[in-house]
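Q: My questions will all concern the structure given below.
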Amino acid sequence: MTTDLDFIKTIEDDAEVENLSEDSDAEVEYQPTKLRHKKLTEFERGFEFVSSAKEYNKDTWDDLMKYVKRKARTKTDDKIAEKIKVRGDEDNNGKDDSDEEIDLSEDELRHDNLRIREKKIKKKKKKGEVEEDEEADKEFFEEADNSEEITSFYQMNLSRPLMRAIGVLGFIYPTPIQAATIPIALLGRDICGCAATGTGKTAAYMLPTVERLLYRPSTNKSITRVLVLVPTRELGAQVYQVTRQLTQFTSIECGLAIGGLDVKAQENVLRTNPDVVIATPGRLIDHIKNTPSFTLDSIEVLILDEADRMLDEYFAEQMKEIIKSCSKFRQTMLFSATMTDQVKDLAAVSLEKPVKVFVNNNQTVAFNLRQEFIRIREDKEGDREPILASLICRTFHDHCMIFVQTKKQAHRLHILLGLLGVKAGELHGNLTQQQRLDSLKRFKDEQIDVLIATDVAARGLDISGVKTVINFVMPITTEHYIHRVGRTARAGKAGISVSLAGEKERKIVKDIIKNAQNSVKNRIISAEIIEKYRKRLCALEPEIQTILEEEAAERQLAKVEAQLSKTERKLLAQQQSQQPRGWFQTKQERDEEKKRLSLKDDSKENAKPAGKGQKRKQPEYGGDGEDGPPVKELEEKNKKKKKEEKKKGPEQLAKERARFEVEKVSLVRAKMAKLKKRPGKIGAVGDFPKRGAAAFEEPKRKFGGSKFSVDLTDVSRNGALRLRSEANRHQKLTKKSASKSTQKKSVVSSVKMANKAGKNKFNKGKNFGGPRFTKKPAGGGGGGGHKKGGRK
């Protein structure tokens with residue numbers, strides 16, 4: 001009877017118990033397994049019946065699809081399927097999702113070695129530096145009042161339509177950033193907010209904004225009052241969907257203006273002046289210049305999501321133009337997981353005594369994220385692809401995001417994993433917006449298991465169920481790393497990040513380990529498994545190259561067709577006398593900006609071309625005369641040389657690809673370091689006048705007074721040491737200058753004495769320093785103006 005019931009047995013004294021704690025070196029959950037993720041087909045816990053078919057069919061994605069002009073066209077997956085069919089691997093790839101196990105050999109199921117990386121103690125800032133930073137913050141920011149703890153949405157006095165929407169979305173209690181932000185935002189204050197990824201920052205700024213819009217004046221004329229700016233198109237689409245869900249029981253209208261979608265559809269929506277506009281900077285400026293009856297003069301609330309990205313130099317010119325177009329008297333809210341607290345970075349937005357709401361430090365990842373690193377030796381850079389393939393095929397089968405640095409590498413990995421039998425998709429800038437949205441939707445709907453993306457997908461995207469994030473190459477900075485790994489471990493769920501780190505990327509790994517809250521693991525994959533996957537990828541290389549060549553030919557044809565259609569449109573526009581779309585910069589200014597922002601290798605740039613002094617390589621000629629055509633022998637020789645250069649092994653090509661990725665990252669990192677060293681503006685003055693009672697206050701000096709008064713009243717130990725060192729330095733300088741002047745005087749006096757004595761043969765007969773007229777010597781003739789006899 002007991003055997004049928006399958007009771008849990010008591011652990012015996014001599015039994016070996018598997019250790020699955022955080023500090024253990026072998027957790028089964030993160031080791032290779034044959035088990036495939038099983039989809040939930042039965043009722044879920046939160047399942048509820050709906051009242052009507054309209055409610056059942058309602059989907060925010062359908063609202064977004066009205067902006068899409070054409071359906072997405074993806075041919076890469078078809079090519080991959082065709083290659084697999086030709087190869088005869090239908091059995092491996094054609095398995096149903098219902099199959100519970102993946103075909104792996106015994107050696108592939110061998111566990112990886114996991115070790116804990118020791119955390120080094122972070123150096124603390126000097127006391128004087130901390131005091132100066134705090135003084136600067138107090139002068140610019142205002143701290144949030146945490147006297148009243150908010151544990152429920154009912155304590156925020158939100159309207160009924162909003163409370164109903166919150167209930168439908170399943171929000172139970174506010175997150176720390178929501179509890180801290182919403183009451184302050186309802187007062188109309190400027191906010192600078194920072195919280196970890198996946199803590200509900202979108203709802204934190206949209207809830208108070210929608211609440212304020214519910215009390216807008218009821219007039220016949222519609223006015224755009226709220227502008228939300230985002231750095232990427234996918235994030236804009238996501239914010240639009242969340243806003244639609246929050247306003248579903250209100251009369252508030254939303255508009256979307258992001259690049260890549262149908263311009264005419266966006267123009268039709270913006271002409272109606274919706275209450276809220278979610279936009280990317282480039283497309284917004286396009287509509288400001290070209291869409292009639294749409295302006296930003298009436299904007300009352302300006303929100304910058306991922307504000308640190310919006311305020312960097314890549315968006316600088318566009319942000320200046322947008323802020324110039326906005327109303328001067330507005331509420332401004334800035335949010336990001338790595339929000340900068342540097343006053344100089346925030347000056348461009350013209351904040352008015354903002355409230356600083358930093359729930360987390362801007363250098364920390366989510367508390368429930370497990371971080372792992374795989375070390376890549378300097379001579380093993382070509383092993384990145386085999387290691388990635390082994391991780392995907394053996395351990396992380398589904399709900400996985402892979403981040404790469406370049407679009408080319410993302411596309412290659414899509415083909416490579418597809419040929420290995422993995423359902424993969426890609427998301428990067430070379431795809432059309434329809435293809436990008438389609439890849440994102442398929443990943444959310446679990447139609448594909450792995451999404452390979454560039455940093456386009458690193459910020460703000462909330463994709464439920466992402467278990468693993470793999471960094472093929474380490475990102476540029478710690479902030480980029482935080483955003484990448486923030487796609488998992490969201491809203492309290494657990495997640496894991498695995499990063500491949502080479503020798504050139506050790507510095508950023510050290511910084512991440514210093515800021516880590518939990519222990520960091522080092523994963524070691526056996527050399528036999530890496531070698532096995534390397535051979536598999538070498539065998540697939542011809543098929544990868546064939547697919548890439550076919551796509552290159554198709555792209556060339558599509559380019560020619562696009563040029564023809566563009567010419568036709570220009571001719572039609574000339575016939576119909578249509579004006580071209582305007583822009584805030586001239587072509588020359590745009591070209592200069594592109595040149596300034598482009599990545600350049602200084603070593604290549606500084607290499608001088610062959611000048612007059614350098615000998616240029618003379619071309620080899622033959623045949624009839626010196627300038628005749630080249631001889632056949634020379635042609636054959638050159639062809640052989642080219643063939644020899646082209647013939648490179650798969651391992652060598654893999655190394656070159658990996659080096660190119662790492663070099664790209666190092667170039668961006670070098671550029672960012674130069675920007676940090678660039679001096680700021682001197683004597684910056686506020687652009688706009690103060691509002692309300694603040695306009696009549698006396699202007700205060702920065703940091704409480706002049707430098708002299710600050711030094712005079714600074715009684716700290718550091719202040720005393722600084723003054724003492726300055727006095728010592730001044731004393732040394734005065735002594736040095738005094739000694740130099742005495743040496744100079746002594747040299748001059750000795751020369752004068754020599755000249756007077758007549759010892760200097762070069763100046764013989766001349767008199768320096770003596771009386772102008774001298775006595776005539778006795779017994780000698782010569783000119784002199786004195787009487788004979790002289791003094792007796």
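Coordinate-derived values only; no laboratory data. Owing to the predicted nature of the structure, the values given are computational and were not obtained by experimental measurement. Here the Cβ positions follow ideal geometry from the backbone for every residue, glycine too, while neighbour counts run over all protein chains shown.
Q: Looking at segment 395-415 only, could you name the residues that are part of a helix (DSSP H, G or I) and under 20 Å from the mean Cα position of the chain (by Cα)?
A: We begin by selecting, within segment 395-415, every residue part of a helix (DSSP H, G or I); these are 395, 407-415.
Residues satisfying the conditions are 407, 408, 409, 410.
Q: Of the conditions (1) farther than 20 Å from residue 68 by Cα; (2) within 23 Å of the chain's Cα centre (by Cα), residue 235 fails just one. Which one is it?
A: Only one criterion in (1) farther than 20 Å from residue 68 by Cα; (2) within 23 Å of the chain's Cα centre (by Cα) is unmet by residue 235, namely (1).
Q: Would a scan of segment 206-226 turn up a residue that is assigned to a helix (DSSP H, G or I) and farther than 21 Å from residue 250 by Cα?
A: Step one: of segment 206-226, the residues assigned to a helix (DSSP H, G or I) are 206-213.
Add one more test, that the residue is farther than 21 Å from residue 250 by Cα, and what stays is none.
Within segment 206-226, none of the residues are assigned to a helix (DSSP H, G or I) and farther than 21 Å from residue 250 by Cα.
Q: Further question: Do we have any residue at all in segment 430-452 that's part of a loop (DSSP other than H, G, I, E, B), surrounded by 20 or more Cβ atoms within 10 Å (Cβ to Cβ), among the charged types (D, E, K, R) and within 19 Å of the chain's Cα centre (by Cα)?
A: No, there is no match, as no residue in segment 430-452 is part of a loop (DSSP other than H, G, I, E, B), surrounded by 20 or more Cβ atoms within 10 Å (Cβ to Cβ), among the charged types (D, E, K, R) and within 19 Å of the chain's Cα centre (by Cα).
Q: A further question follows. I need the full set of residues from segment 252-266 which are in a helix (DSSP H, G or I) and surrounded by fewer than 16 Cβ atoms within 10 Å (Cβ to Cβ), in order please.
A: Answer for segment 252-266, where residues must be in a helix (DSSP H, G or I) and surrounded by fewer than 16 Cβ atoms within 10 Å (Cβ to Cβ): 264, 265.
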